[in-house]
Amino acid sequence: MREFVLKNGIKACIKQNKNTPRAALTLNISINDEEKTAGLYSVMNRLLLKGTKKYSSEDIANILDENAIELYTEMKSDYLRFRFVCLNEDIETAVSILNDIIINSTFEEFEKEKNKLKGELLAELDSAKVKVSDLFTKTVYKNHFYGHSYTKILEELDKITKEDTISAYKNILEHGRKAVVLVSDAGNGDILEKYLGELPASKDTNSSISAPSALKQEKVELVKEDANQAQILQGWRVPTIGDKEYPVLMLLNIILGASGLSSRLFLELREKKGLAYTVRTSYEAHLKSAVFSIYIGTEPVNIQTSIEGFKEEINKIKSIPVSEEELHNAKNNLIGKQQFLSETNVQQANIMAYYSIMGKSFNYLETVIEEIKQVTSEDILSCANKFFTDDYVLAILKP
């Protein structure tokens, strides 16, 4: 692995994986300002492959298809991600197209893409599970950029103009911090310098996105008349990437609900009590905040029983130390997952660029794995008591 800085200040990393036929590149650009209108960044992202000064959207699609290049843009809460996968011999072609898209996008098909986005969001919200997640997100991050849920976007989508979209993109491109990772069979630093070294300089501008205000207990309900089952989400605000509790919360997630058949909630609420079709936990981290949540899909008559089941399992994890065997198994499960999710060139490029744009080292995953190994039963107990408090959001969707 070789780290260096391009002439415009972009942090770059090249990882050589011998005898791999396809190369993967990920370029992340930080989001330093909240979008002025919910959905603005989503619309912007959709337009980045719709043509440049040199190529139409059809031309781009044909070039990518002819060269077997998979190129994507993705809008995340804290950064804009460009990534591609291609054969090793086509790296220069792929990087040159990426450079053209980043610098020369014309944002054509604005109204068409905005209408398509509206239709897609409405279709997604027909799902009860998506609907309760939407309700939960805009409640747990009320009055904050992270709370721009599907329904919030639909409320404000018509206010977005093409001029707003272009201006937002220019601001991100000119003022964002940038990190790029290339994972391939051979080193190609010269290609990165040749094409990405011409991008606007990477700047260590501090994010103006504020930390969310303190969370207070809130229960929100939504009725969906055609729903076949109830959907429940309960969540707490917790520390995020880089905090000392980060590896502890990752393990709590595995123990409680993210390890499938062996997780506590699955065993207690589904297997023993027969309450759940689906039950799981999630730990979702942003730059300025994170949320730990529990989800269950159940019969409407079991709503209160399921909530009591959540409370019972949370109280157990807060009062009874996790056994050494359970903790050992959770560590093996989590470390195995981290390694499984970083096997391919694509996965490695994504995870390394992700940690870099979040302010960590390219190889931060190695640090995280070592920290996971050091977590004790006392750490689990302390963390659970510190953050699983009465200040939570409970979102319920029912028929």
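Nothing in this text is a laboratory measurement; each read-out follows from the coordinates by a stated rule. None of the values given here were measured: they were computed from a predicted structure. For neighbour counting, all protein chains shown are included, and Cβ atoms are generated from backbone atoms with ideal geometry for every residue, glycine included.
Tabulated results
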read-out: Kirkwood Rh (inverse of mean 1/r, distinct Cα pairs), the stretch 274-399, angstrom; value: 17.2 Å
read-out: Hydrodynamic radius by Kirkwood, which averages 1/r over all alpha carbon pairs of the stretch 109-169, in angstrom; value: 12.5 Å
read-out: Label-point gap, in nm, between THR106 and ALA214 - each point 7 angstrom along Cα→Cβ; value: 5.4 nm
read-out: Scattering curve values for the chain, log₁₀ I(q)/I(0), Debye with Cα scatterers, q = 0.10, 0.12, 0.13 Å⁻¹; value: -0.75, -1.06, -1.21
read-out: In order through the stretch 376-390: 3J(HN,Hα) via Karplus (6.51 cos²θ - 1.76 cosθ + 1.60), integer Hz, x for Gly, Pro; value: 10, 4, 5, 4, 4, 4, 5, 5, 4, 5, 6, 10, 8, 9, 7
read-out: Pairs from LYS11/LYS194; LYS224/LYS273; LYS216/LYS360; LYS15/LYS53; LYS36/LYS219 whose Cα-Cα separation, in the structure shown, is over 24 Å; value: LYS224/LYS273; LYS216/LYS360; LYS15/LYS53; LYS36/LYS219
read-out: Centroid-to-centroid separation of the stretch 78-105 and the stretch 266-318 [C-alpha atoms, Å]; value: 41 Å
read-out: Contour minus Cα-Cα distance for GLN347 and LYS272 (0.36 nm per residue); value: 23.3 nm
read-out: Shape of the stretch 360-399, Cα gyration tensor, a/c cut at 1.5; value: oblate
read-out: Residues whose placed amide H lies under 5 Å from that of GLY187, excluding near-sequence neighbours; value: none
read-out: Under the Karplus curve 6.51 cos²θ - 1.76 cosθ + 1.60, θ = phi - 60°, whole-Hz ³J(HN,Hα) for the stretch 109-114, x wherever Gly or Pro sits; value: 6, 4, 5, 4, 5, 5
read-out: Helix 324-340 vs. the chain, principal-axis angle (Cα, 0 to 90°, nearest 10); value: 20 degrees
read-out: On Cα atoms only, tilt of 345-357 relative to the major axis of the chain in degrees; value: 80 degrees
read-out: Percent of beta bridges antiparallel (DSSP, the chain, rounded to nearest 5); value: 80 percent
read-out: Principal-axis tilt of helix 364-374 within the chain, Cα atoms, nearest 10 degrees; value: 20 degrees
read-out: The stretch 188-335 shape via C-alpha gyration tensor axes, a/c threshold 1.5; value: prolate
